Amino acid sequence: YLKYFKLFGIEKYLMRFSTHDPSRLRGIDAKFVDEPELWIKTEEMTRRVLKDSGINYVEVPNEAAFYGPKIDVQAWSAIGREFSIATNQVDFAQPRRFNLVYKDRDNTEKIPLCIHRAPLGTHERFIGFLIEHYAGNFPLWLAPEQVRILPIGDEPKVLDYSMSILNELRAHQVRAEIDRSTDNINGKIQRAEQMKVHTMFVIGKRDMEASAVSVRVHGKGNLGAKPRVEAMAEIVQSIRERRA
């Protein structure tokens, strides 16, 4: 998880360790599977792993799943909202119900423990977290539209040059689009900025003649002209390395 947190720039997080209530194993208020020894064993095992890992965690009684203790991974978005982005759960109820057994080293049959693990939760929930966390300003490698090409004017040679760059980007699996509208270049830039497109290649006649592109990055403005080969290599390398 620490690798995920670093990759996505998640700075505030903790593990939420949910345990059972021993008084609710039997009777009308029963909430948990009646396996007191397994509860003690699995909770102690989970607690030891958390302590050994050195990761911050809180222990919450009476909130385990009915079939075993669980660890929920809590993270906070950039605006301070808390999300449960992953879960790991010990299950000692289902193996017995399905008559699952294995032979131990002493050749005796034993019932296994089952582990439910969702390292990033549901995809929909995690994508929702990322949209809020980045406020739509995704890093290049994660952006839905990574590069937009903005030709200046409608001169056929400039459009052909722009299309060749688009095709080259797509050949490298870059999510790229081209704005072929008749709007002036300021309008094209404004629209791309409003849509939070990460990188824009502005291409005019001088760029074409120099085999170059003028690079803009959302929120940073104009970075100046670069040789086509250099600009292309930087985009591909940045995506490959998943730079922030």
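Note on Lys220: lysines with a C-alpha under 19 Å away, same-chain residues under 8 apart excluded, are Lys188, Lys196. For Lys12, a cut-off of 15 angstrom between C-alpha atoms picks up these aspartates and glutamates, skipping any fewer than 8 places away in its own chain: Asp72, Glu82, Glu132. Report, in whole Å, the centroid distance computed from the Cα atoms of the range 176-192 and the range 130-167. Centre-to-centre distance over Cα atoms comes out at 10 Å. Can you tell me the FRET efficiency between Lys110 and Val60 if r is taken as the Cβ-Cβ distance and R0 is 30 Å, rounded to the nearest 0.05? After rounding to 0.05, the efficiency reads 0.50. Couplings 3J(HN,Hα) for the range 40-50, derived from phi with the Karplus relation 6.51 cos²θ - 1.76 cosθ + 1.60 (θ = phi - 60°), are 4, 5, 6, 5, 5, 4, 5, 4, 5, 4, 5 Hz, where x marks Gly and Pro. Here the sum of -39500 (n - 2.57) over DSSP H runs of 4 or more residues, divided by the residues of the chain, equals -10500 deg cm²/dmol at 222 nm, to the nearest 500. For the chain, the antiparallel share of DSSP beta bridges with both residues in that region comes to about 70%. A Förster radius of 51 Å, combined with the Cβ-Cβ distance separating Asp160 from Arg117, puts the computed FRET efficiency at roughly 0.50.
Taking other C-beta atoms within 10 Å as the exposure proxy, Arg81, Arg16 rank Arg81, Arg16 from fewest upward.
Taken one residue at a time, the phi angles of the range 235-241 give Karplus couplings (6.51, -1.76, 1.60, θ = phi - 60°) of 4, 4, 5, 4, 5, 4, 8 Hz. Gly and Pro are set to x. What is the ratio of the Cα radius of gyration of the range 118-161 to 2.2 N^0.38 Å, with N the residue count, to two decimals? My calculation over the Cα atoms of the range 118-161 gives 1.85.
Can you give me the Kirkwood hydrodynamic radius for the range 1-68, using every pair of distinct Cα atoms, in Å to one decimal? Mind dumping the intermediate values first?
Working: mean 1/r = 0.0740 Å⁻¹.
Evaluated on the range 1-68, it is 13.5 Å.
Where does the Debye-calculated log10 I(q)/I(0) of the chain sit at q = 0.08 Å⁻¹, using only Cα point scatterers of equal weight, no solvent? At q = 0.08 Å⁻¹ the computed log10 ratios are -0.52.
Subtract the Cα-Cα distance of Val236 and Val101 from 0.36 nm times their separation in residues, and report this length gain in nm to one decimal.
Values: separation 135, 0.36 × 135 = 48.60 nm, distance 4.98 nm.
My answer for the length gained is 43.6 nm.
Evaluating 6.51 cos²θ - 1.76 cosθ + 1.60 at θ = phi - 60° for every residue in the range 69-80, the Karplus couplings come out as x, 8, 10, 9, 8, 9, 9, 10, 6, 4, 9, x Hz, glycine and proline recorded as x.
Rg/Rh, computed from the Cα trace of the range 2-134 with Rh as the Kirkwood radius, has the value 1.04. Taking a quarter of the surface of the Cα convex hull of the range 140-241, what do you get in nm²? So the mean shadow area of the Cα hull is 5.7 nm². Within the straight-line cut-off of under 17 Å between alpha carbons, the lysines reachable from Lys41 are Lys51, Lys70, Lys110, sequence neighbours fewer than 8 places apart in one chain being disregarded.
Every number in this text was worked out from the coordinates using simple rules, so none of it is lab data. Note that the coordinates shown come from a computational prediction; the quantities given were computed from them, not determined experimentally. Counting neighbours? That spans all protein chains shown, and the Cβs are built from the backbone with ideal geometry, glycine included.
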